[in-house]
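Visitor: Handing you this structure, nothing more for now.
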Ligand SMILES: NC(=O)c1ccc[n+]([C@@H]2O[C@H](COP(=O)([O-])OP(=O)(O)OC[C@H]3O[C@@H](n4cnc5c(N)ncnc54)[C@H](OP(=O)(O)O)[C@@H]3O)[C@@H](O)[C@H]2O)c1
């Protein structure tokens, strides 16, 4: 497995789950971290417990749904630590939505966090990445970005938006020296999946997911899909004709 070393890495959604596992793994290799979430104390607590004072982690509180807040936080980050080499835009929420309890407020929360939150940070980072002619922007999407899964329509739609947005940036980024990477995880054991009451094939620990993601970023892969069996399953589901897919999906 390749590692990231001596980099300044910004992570949103660093207080739990995949973001937390990434932070812990990256801190083992002399990276300097900028850790962002709405609950600073949660991040401070695990950093203190695992690393005591001997680490370079700068912790910020920011709700990514608010553009002004993202702008203010990024300005503060630049003053206090500097422009990151790598930004992993990972903050996200998942909520179920059924036909019988439809509520557009859920759409607002999911899109503001999963899509617009990522767009707001991208807006801050891109000018600096273009100026320096380097910088790696990593966005966390999902293997569930390719179909409308029952009861997860809003979540999967937000991830489809993330994937398409990053793909379009990647094409342009090449010319400006900015690398854009899309992460597409299958099921990972976190607070987000703890609320799911359906079978989650090939569910993996967040620590394992973090190692795969870091290896992929270090190799500058374009798209990081894992685990392999879920990636294959996602391809098969994606290729199903509409009627057949709807028949199969309705059984779940
Ligand atoms: N777990 C999976 O199976 C899976 C699969 C595919 C993709 N993903 C994606 O992976 C990413 C991380 O999810 P996870 O599974 O690690 O879930 P998680 O444990 O619930 O972590 C989500 C993180 O996002 C942060 N966050 C949520 N809303 C935020 C907001 N408005 N502003 C700032 N931070 C916010 C949370 O921190 P605070 O609450 O402290 O703000 C938390 O640190 C998400 O984008 C998710 O969609 C997960």
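Visitor: Rounded to whole Å and ordered largest first, report the semi-axes of the equivalent ellipsoid of the stretch 8-250 derived from its Cα gyration tensor (root of 5λ).
Guide: 29, 20, 18
Visitor: With axes computed from alpha carbons, what is the tilt in degrees of helix 17-27 against the longest principal axis of the chain, rounded to the nearest 10 within 0 to 90?
Guide: Value to nearest ten degrees: 30.
Visitor: At 222 nm, what helix-only mean residue ellipticity would the chain give, in deg cm²/dmol to the nearest 500, using -39500 (n - 2.57) for each DSSP H run of four or more?
Guide: Helix-only estimate at 222 nm: -15000 deg cm²/dmol.
Visitor: In degrees from 0 to 90, rounded to the nearest 10, what is the angle of the helix 40-51 Cα long axis to the longest principal axis of the chain?
Guide: So the helix axis and the longest Cα principal axis differ by about 70 degrees.
Visitor: Now for a separate question. Measure nothing fancy, just the Cα-based angle from helix 206-218's long axis to the longest principal axis of the chain, in degrees from 0 to 90, nearest 10.
Guide: So the helix axis and the longest Cα principal axis differ by about 70 degrees.
Visitor: Have a look at the stretch 1-106 and give its Rg and Dmax from the Cα atoms, expressed in angstrom.
Guide: Cα-based Rg and Dmax for the stretch 1-106 come out at 15.4, 52 Å.
We did not get these values from a lab; they are worked out from the coordinates using the rules stated. Source: prediction; values computed, not measured.
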